[in-house]
Amino acid sequence: MNHLPLIIKREYLTKVRNKSFIIMTILSPIIMIALIAVVAYLSQLNNSKQRTISILDESGMVESIFKSTENTNYVILNDVSIDDAKKQVEEKEQYGLLHISKGESIDDVLDDIKFYSKDTPSITLMEGLESKLERKFTDLKLQEQGVDIDKLKSSEARISIAQESFLGEKSSKIDNVVKLIFGGFAGYMLFMFIIIYGNMIMRSVIEEKTSRIIEVIISSVKPVQLMLGKIIGTSLAGITQFIIWIILGGVLMMVVSAIFGINMTEMQAPQQELMQQTMETQGADMKIQSLISSIYNLPLTNLVIMFLLFFIGGYLLYSSLYAAIGAAVDNETDTQQFMLPILMPLILAVYVGIFTVIEDPHGTVSTVFSFIPLTSPVVMLMRIPFGVPIWQQVVSVLILIGTFMFTVWFAAKIYRVGILMYGKKPSYKELYKWLKY
């Protein structure tokens, strides 16, 4: 394997010195941050708009609940007919008119509440109005039935069942959400890395094959060395690009925020008032503290180590298959018939991770798929935050490494024959013949 370091170096330098690689490495984070900044800026403009809503409460029951906020101003109308109220709102170009008609009972009032506006109103705004009205009318109906509201509220019982293992390890619902987010992010990152840089390896093999450069290289280098060197070199170039994206993206985001005064969090501002109401009723401070505690309780050392092992093992496994496909065909069009068998296990792993790990991370389905080498990198990474025994992680890694070594041997047999084949569209039957060759 004396030539392997030279091949890795050649592949790496060829990729990072390529003009398109350099341009995309620089432009990609700039374009991404620019798009995020534009969306944040437009959201900021949209949310800085002051909305004026007139309230015509003919029932006299709920006008006291409407308190103006930073972005919404409520105007209470009195002794005005509905037709005059509509004209007044239109003339003043207000956002809308909420009409609560007078009825003989609360149920009659509930059946005749309308919102008039020139354009379709905001969904978030309507949900906020409905939430206010529902709480108020619920209290009024309870009072009508002789229920003491203060006693009722003081008697409400909020239950949060504490979760603890037989070994004394404590957890909560927020812990499970945090674990799912971390596991899902790790699995998704691996999925995207394989798709992006696996295709890069495949295109690189096709380019060298069609340019006939490979005929010169193969005369002095073993096919398996050439394939491994191409995989590792391209992987290092991909990691380099990824690191540059993270650093450059972070710097650009801070510069854009500082120069233009754009708050990136404004993209979620339309939900701010609704979320604030929800957080007030659910004890936001306690939930934030619980969230921070959940992050600290994650097995971060275990996560980092296994993320690296499964990330590298899974990527190398699929990259060898991509390289074999690149060697078997003459152009990218012919790769389509071979891509489905590679993509299906990846897609299956993501769906299994999302729909089974979230429900039962230690169930039979999740456990089995976390040992199958084609799906284990994604599924096991999603399971680890939930506390997978070390022996299971080690066994899964060993199976993955063993499968990678077999796949390299398998792919090298296709690679050494296919890399010199021209002008003939391969089939699965042809690939089988190459394996027997």
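The values are calculated or read from the model by the stated rules, or taken from the named source; none is laboratory data. What you see is a predicted model; the values in this text were computed from it and never measured. Here the Cβ positions follow ideal geometry from the backbone for every residue, glycine too, while neighbour counts run over all protein chains shown. In case anyone asks, the SASA skips ligands and DNA or RNA and just uses the protein heavy atoms, side chains included. Shrake-Rupley method; radii C 1.70, N 1.55, O 1.52, S 1.80 Å.
What the table shows:
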| read-out | value |
| --- | --- |
| Along principal axes, Cα extents of the range 51-147, largest first, whole Å | 43, 27, 20 |
| Over the range 51-147, relative contact order from alpha-carbon pairs under 8 Å, at least 6 apart, % | 29 |
| Pair Glu430, Lys136: separation of 7 Å Cα→Cβ label points (nm) | 7.5 |
| Rounded FRET efficiency, nearest 0.05, which uses the C-beta distance separating Ile244 from Trp409 and R0 of 41 Å | 0.75 |
| The range 51-147, accessible surface, carbon-and-sulfur percent (1.4 angstrom probe) | 42 |
| The range 94-146 and the range 48-79: distance between their alpha carbon centers, rounded to Å | 12 |
| Accessible area per residue in Å² at 1.4 Å probe, computed on the range 51-147 | 61 |
| Zero-based 5 Å bins, Cα pair distances in the range 6-89, whole percents | 3, 11, 11, 10, 9, 7, 6, 6, 6, 5, 5, 5, 5, 4, 4, 3, 1, 0 |
| Subset of Lys15/Lys433; Lys87/Lys132; Lys87/Lys136 violating a 30 Å alpha-carbon distance limit | Lys15/Lys433 |
| Extended-chain gain in nm, criterion 0.36 nm per residue less alpha-carbon gap, Met339 and Arg203 | 47.7 nm |
| Cα gyration tensor shape of the range 302-427, rounded if a/c is under 1.5, else prolate or oblate by comparing a/b with b/c | prolate |
| Karplus (6.51, -1.76, 1.60) ³J(HN,Hα), θ = phi - 60°, over the range 224-229, in Hz, Gly and Pro reported as x | 5, 5, 4, 5, 5, x |
| Fully extended contour minus Cα-Cα distance, from Ser28 to Asn302, at 0.36 nm per residue | 95.5 nm |
